[in-house]
Amino acid sequence: MNTPVPEAPRRALPIAAIVIGLVFLSLMGLLLYGVSQSGRADRDALPSPLIGKPAPAFALPVLHEPQRTVTLEQLKGQPFLLNVWGSWCVECRVEHPVLTRFAETRRLRVVGYNWRDEPADALRWLEQFGNPYWLVLADVEGRAAIDWGIYGAPETFLVDAAGMIRWKHIGALTDAVIEGELLPALRAIEGPQ
Amino acid sequence: MAVAQLLPELAQVALLLALLVAILQGVLPLLGAHRGIAPLMAVARPASYLQLALVAIAFAILTRGFVVHDFSMRYVADNSNTLLPLAFRYMAVWGAHEGSLLLWVLMLTIWSAAVARFSRSLPMPVVARVLGVIGLVSACFLAFMIFTSNPFERLLPMPAEGRDLNPLLQDRGMMIHPPMLYVGYIGFVVPFAFAIAALLDGRLDVRWLRWTRPWTNVAWAFLTIGIMLGSWWAYYELGWGGWWFWDPVENASFMPWLAGAALIHSQAVTEKRGSFNSWTLLLAIAAFSLSLLGAFLVRSGVLTSVHSFAADPTRGLFILVFLGLVIGGSLLLYVLRAPRLEDGKPFAATSRETLLLLNNLLLATACAMVLLGTLYPLLADALGLGKVSVGPPYFGLMFLLLMAPLVALVPFGALTKWQRDTPRTPTAMLLPWAGLSLLLAVVAYFMAPQGALKTAAGVLGAGWVALGTLRFVWSRLRANGRFTPEMLGMVFAHLGLAVFVMGALLVEAQNMVREVAMKPGQVEDVGAYRFEFRGVQEAPGPNYMADRGTVQVLRNGSPLALLFPEKRTYAAGGQVMTDAGIHAGVLADVLVTIGEPLGDDAWAVRMHVKPFVRWIWAGALLMALGGFVAAGDRRFRRRPEASPA
């Protein structure tokens, strides 16, 4: 080296080097995980603190009739499934055929929760792919979603007749999840009644 | 005839030879530069040319396979069909994973040969190192293609008919979108290879850096055009009326673009002031690494996207190892060598350096933000939080927050002096123009038929950047009236940014959509536009059957356009595609698509009015033009004198 080396950068470097190294290693780790998972089916989600608690109250407009508002009280009386989606959500498109097949069994009411979406886009999405929902609530601002602890779509809640959250699934529903988790949870609700 | 039948095998041999040549190009010149052995360094240039010739032969043979319908080639049978028109058969070459990889390698060898040809002004060790690094990258891609994604695999017995090209891709815009994009992605290999060469050498010579600047500009300009074409294609082909979806694949192209934009600015500082040395090298590594990461994300099936290639864990693992070697190796080299580089001249808090530093911080943050959003679904999955999508709610907001200060700073950049300036001078120059753009914004606020706030924000941002940039032009004209191509490029690119901001925010604010069931003769009003539905007829296409609607559009009562939206059913796969009827206008686009027949002659008809949507692409084109113009500056090509640095 023919140039004098300033002192300050030399001391600063190890920190920069460690940061760069950590970012690189975590990125590689994440991508390696991604590759290892790219062939496999979904894994189970973590339990939610909301399970077994009363569902948060809400009053939201109906997507297809914005002037009509629906509250949690109105939905009580029978169990229902609340499915969070958005037209911008790629995973929701993957989930859609599974959800449609389940809705067609008419096992219980499937309520759509259209989250942070443009109503026009949401309607178009339903028109293009089909509407499996008994009713779609529109939460354009995403305010009510905070109470539900929603941070991503798709997400699905099972709410019983009394308005208690009994089961929750983060990520796309699959046939395995419906068979192995949702239906047993539903039977557990209906059993003693 | 017998020879023609063996062409795919010949292509195989050509690819294997190309791999061999690439390895030689990677190893010998680097060794030669390290040890100072001239004959080894001299291998670099001929190896580049030879590699280009070999890959071009393979590419020509694959193209021929499509042209003559050689369905004994699996890739051709999977992506073509005897009914597919000739023009689309040419582009079907890069319509799926294997062929697009071949195109990628072809672009890489073209860049490599171009570097070999246009590097006479550089000392031989630098040329040898740069071409050596490109050779190693090329060898990795060739190996990836040959071992996991061979486009010349045979399919026996030969099927009588092919499966046809994905109908979404049967479009003229798609003919040039991937090549442009790839030229851009791959183009970043030049600044990358240069950065590695500089790190290997242990010093950053400003004269060599000057030589890489046009390459960065050109690569970035091509990437801009590529992204712009993709956005335009999504707009008219998907028929949703949207122009950007924050899809992982779009993000994959956007990240290197942001890093490249930052690199262009930081290279300018390094070349002119000798500052930001190590930062420039890091950005060069980042821009190319992000290109590779993009390729990985698109081709590994790790992320769910509307237009990802087929998932295959072997391919994913291969690129991941490659990615790890390239990124890890270059970062390690950077960490070891960068601290030895010279520091530039000091600069004050109010100087052009500071502004460009802010530009770089904002662009780099935006890039990190896009990376995080793109990888978050994977992270959530890895942490057991389930599969989620991160969409416009996240990206839109974050991007607005980061781009607002960038837009606010742009006009100051050109008007502030290097090293030290009083903040008062540029502020005084710009104050009247800030006032004028604010006034325009207020007028726009009250004139907007809807979305007044976003409209005003768009006009404010666009007016401020455009007027501030023109203020710079004016002061140059008054000073001496001389513009270097570099300055002109900057002016074009910044005006492009203004035009883009205008388009993006105004279409967001004033976009109108109406979807109704219409019977022939029925009329529907959307804003100042009237749509008259004339009915639907059957119209056969070359490889599809279409229902073609006829819609008369009137603006303020006078006829504007007759549109023919189509709904096509493709013969080979039975896929249904919509083809929008579009009337393009400077101030607004009118777009009509037809959906389902609803019985009784009624059809679902969707009508969009998209004000200023063309400005988005016009802005992008202006930015690309800026990149090309700046690259044309003679200064970059002047032969450096033998004076000491």
Keeping to the range B:376-405, report how many residues are without any contact (Cβ under 8 Å) to a residue 40 or more places away in the chain, at the interface with chain A (Cβ under 7 Å from one of its Cβ atoms) and part of a helix (DSSP H, G or I). 5
Failed condition for residue B:72, given (1) surrounded by 23 or more Cβ atoms within 10 Å (Cβ to Cβ); (2) in contact with a strand residue (DSSP E or B) (Cβ under 7 Å, 6 or more places away or on another chain), with all others met? (1)
When the range B:506-548 is checked residue by residue, the ones that are among the hydrophobic types (A, V, I, L, M, F, W, C) and more than 14 Å from chain A (Cβ to nearest Cβ) are B:506, B:518, B:523, B:528, B:531, B:533, B:536, B:539, B:545, B:546
Check on residue B:412, in contact with a Pro (Cβ under 6 Å, 6 or more places away or on another chain) and surrounded by 15 or more Cβ atoms within 10 Å (Cβ to Cβ): yes
Long-range neighbours under 7 Å by Cβ, at least six apart or interchain, first residue in the same structural domain as residue A:178 (by TED's automatic domain parsing) within the range A:108-122, second of a type in the set (Ser, Thr, Tyr): A:110/A:133; A:111/A:133; A:112/A:133; A:117/A:87; A:121/A:87; A:122/A:87
Quick check on the range B:203-212. Is at least one of its residues away from chain A (no Cβ under 14 Å), within 30 Å of residue B:30 (Cβ to Cβ) and assigned to a loop (DSSP other than H, G, I, E, B)? no
Candidate set from the range A:139-192 (those that are of a type in the set (Ser, Thr, Tyr) and in contact (Cβ under 8 Å) with a residue 60 or more places away in the chain); member that is nearest to residue A:67 (Cα to Cα): A:156
So residue B:604, is it more than 14 Å from residue B:458 (Cβ to Cβ), more than 14 Å from chain A (Cβ to nearest Cβ) and in contact (Cβ under 8 Å) with a residue 60 or more places away in the chain: no
For the range B:437-486, what are the residues that are surrounded by 14 or more Cβ atoms within 10 Å (Cβ to Cβ) and either in the same structural domain as residue B:527 (by TED's automatic domain parsing) or charged (D, E, K, R) (or both)? B:454, B:471, B:476, B:486
Which count do you get for residues in the range A:100-113 that are over 13 Å from residue A:129 (Cβ atoms) and in a strand (DSSP E or B)? 4
If you go through the range B:1-58 one residue at a time, how many are of a type outside the set (A, V, I, L, M) and farther than 17 Å from residue B:112 by Cα? 9
Please pick out the residue among B:520, B:559, B:565 that is farther than 18 Å from residue B:603 by Cβ and either surrounded by fewer than 18 Cβ atoms within 10 Å (Cβ to Cβ) or within 36 Å of the chain's Cα centre (by Cα) (or both). B:559
Those residues that are within 22 Å of residue B:74 (Cβ to Cβ) and surrounded by 19 or more Cβ atoms within 10 Å (Cβ to Cβ), I need them from the range B:13-44; list them, please. B:14, B:15, B:18, B:19
What are the pairs, 6+ residues apart or on separate chains, where a residue within the range B:325-338 that is more than 10 Å from every other protein chain (Cβ to nearest Cβ) and within 14 Å of residue B:293 (Cα to Cα) has its Cβ under 7 Å from a residue that is of a type in the set (Ser, Thr, Tyr) and surrounded by 20 or more Cβ atoms within 10 Å (Cβ to Cβ)? B:326/B:289
Would you check which residues across the range B:115-129 are of a type in the set (S, T, N, Q) and within 16 Å of residue B:192 (Cα to Cα) and list them? B:119
Scanning for something assigned by TED's automatic domain parsing to the domain that holds residue A:79, charged (D, E, K, R) and in a helix (DSSP H, G or I), does the range A:151-173 turn up at least one residue? no
Can you list residue pairs whose Cβ atoms sit under 9 Å apart, with the first residue in the range B:41-57 being among the basic types (Lys, Arg) and the second being surrounded by 16 or more Cβ atoms within 10 Å (Cβ to Cβ) and not in a helix (DSSP H, G or I)? Count only pairs 6 or more apart in sequence or on different chains. B:45/B:119
Among B:94, B:111, which is the only one that is closer than 23 Å to residue B:23 by Cα and crowded, with 17+ Cβ neighbours inside 10 Å? B:111
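Residues checked against (1) touching a residue at least 60 places away in the same chain (Cβ under 8 Å); (2) in contact with a helix residue (DSSP H, G or I) (Cβ under 9 Å, 6 or more places away or on another chain); (3) not in a helix (DSSP H, G or I):
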| site | (1), (2), (3) |
| --- | --- |
| B:10 | no, yes, no |
| B:16 | yes, yes, no |
| B:62 | yes, yes, no |
| B:94 | yes, yes, yes |
Turns out the strands (runs of 3 or more DSSP E) fully within the range B:581-629 with at least 1 residues that are modelled with pLDDT of 90 or more and under 18 Å from residue A:120 (Cα atoms) are B:588-599, B:602-611
Lone qualifier among B:139, B:128, B:143 - being closer than 21 Å to residue B:208 by Cα, of a type in the set (A, V, I, L, M) and touching a helix residue (DSSP H, G or I) at 6+ places or on another chain (Cβ under 9 Å): B:128
Residue check: is residue A:118 out of contact with any Gly (no Cβ under 8 Å at 6 or more places or on another chain) and within 10 Å of chain B (Cβ to nearest Cβ)? yes
The number of residues in the range B:256-286 that are under 13 Å from residue B:191 (Cβ atoms) and polar (S, T, N, Q) is 4
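Could you identify the single residue in B:114, B:139, B:160 that is at negative phi and without any contact (Cβ under 8 Å) to a residue 60 or more places away in the chain?
After ruling out the rest, the residue left standing is B:114.
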Qualifying positions in the range B:528-543 - buried (at least 17 other Cβ atoms within 10 Å of the Cβ) and outside any strand (DSSP E or B): B:541, B:543
What do you reckon, is residue B:397 in contact with a strand residue (DSSP E or B) (Cβ under 8 Å, 6 or more places away or on another chain) and modelled with pLDDT under 90? no
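Is at least one residue of the range B:54-62 under 30 Å from residue B:201 (Cβ atoms) and either modelled with pLDDT of 95 or more or among the polar types (S, T, N, Q) (or both)? Explain how you work it out, then say what you get.
Going through the range B:54-62, the residues under 30 Å from residue B:201 (Cβ atoms) turn out to be B:54-55.
Next, only the ones that are either modelled with pLDDT of 95 or more or among the polar types (S, T, N, Q) (or both) stay: B:54-55.
Yes, some residue in the range B:54-62 is under 30 Å from residue B:201 (Cβ atoms) and either modelled with pLDDT of 95 or more or among the polar types (S, T, N, Q) (or both).
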Out of (1) away from every other protein chain (no Cβ under 14 Å); (2) more than 27 Å from residue B:603 (Cβ to Cβ); (3) in contact with a Ser or Thr (Cβ under 7 Å, 6 or more places away or on another chain), the one residue A:98 does not meet is (1)
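The values are calculated or read from the model by the stated rules, or taken from the named source; none is laboratory data. It should be emphasised that the depicted structure is a prediction, and the values quoted were computed from it without experimental measurement. Positions of Cβ are backbone-derived with ideal geometry, glycine not excepted, and every protein chain shown enters the neighbour counts.
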